[in-house]
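All remarks here apply to the structure that follows.
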């Protein structure tokens, strides 16, 4: 444990270890990606995809290694006991910080299949990492404003089509499809701008999770409903690297797949769309109350 060192030194060491880890595993990852592109047969692709996922799992394990070395965080975690590595999961979580991704990967690595996120298209340009996400078949989503769609109606539904195509790839080997239904990290400014009805959450967007259920609902073992709380406040990524995150609370609950939403036409069936949105809003209301409870337990008056 290096957390006894000055925080700035811890942050520098963690940053160096993170960077070296990225370079090492991405080099191996890209070699197999080139093979996949050169040999595009389905049978070969399935084998190479399994290898790529294994490389990514090792990458995450090494991330957990430098986290143990540089962090002194108290983890309060429940719900990981009955998870299975062989099978498909639809993972659903609130979103407060870039740290959320490291938290989820650290806790779920090799407990469920490798997590695949829906990612904003702009992040494909992140050096090295963006290319790695592409190599691992992470779906990149374009978000268009209402004003843009009025001028370019032909672009409506393109992000949903990206989700649908990604789900076809995910159905080939066990995969965990990760959704942040809020679509962005929670901030008070975003909360106020949305006039969100929730205290600790932004309004959820139903499209990604609905299309995942529509395309792969029969494959999923369950919905893994994750709630992440930082009792001392949501940290910035540099705070995390410097070892300033003292406590992280995580609760995971397996929910049955709603059978009524499997295979429905979310885009064109208004009744099913409204029913799904109401289901998700109810789930979000329960999560909001749960976060309030967890915050009260972690910081009693």
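The values are calculated or read from the model by the stated rules, or taken from the named source; none is laboratory data. Values in this document were obtained by computation on a predicted structure and should not be read as measured data. Positions of Cβ are backbone-derived with ideal geometry, glycine not excepted, and every protein chain shown enters the neighbour counts.
The residues on offer are 220, 180, and the sole one that is in contact with a strand residue (DSSP E or B) (Cβ under 8 Å, 6 or more places away or on another chain), at pLDDT 90 or above and either buried (at least 21 other Cβ atoms within 10 Å of the Cβ) or over 23 Å from residue 249 (Cβ atoms) (or both) is 180. Among helices (runs of 4 or more DSSP H) lying entirely in segment 21-139, which contain 1 or more residues that are farther than 24 Å from residue 1 by Cα? Those helices (runs of 4 or more DSSP H) span 42-70, 129-135. Scanning segment 225-283 for residues that are more than 19 Å from residue 182 (Cα to Cα), modelled with pLDDT of 90 or more and part of a loop (DSSP other than H, G, I, E, B) yields a total of 8.
Sort out which residues of segment 49-70 are surrounded by 17 or more Cβ atoms within 10 Å (Cβ to Cβ) and either at positive phi or more than 22 Å from the chain's Cα centre (by Cα) (or both), and write them in order of number. Of everything in segment 49-70, just one residue is surrounded by 17 or more Cβ atoms within 10 Å (Cβ to Cβ) and either at positive phi or more than 22 Å from the chain's Cα centre (by Cα) (or both), namely 70.
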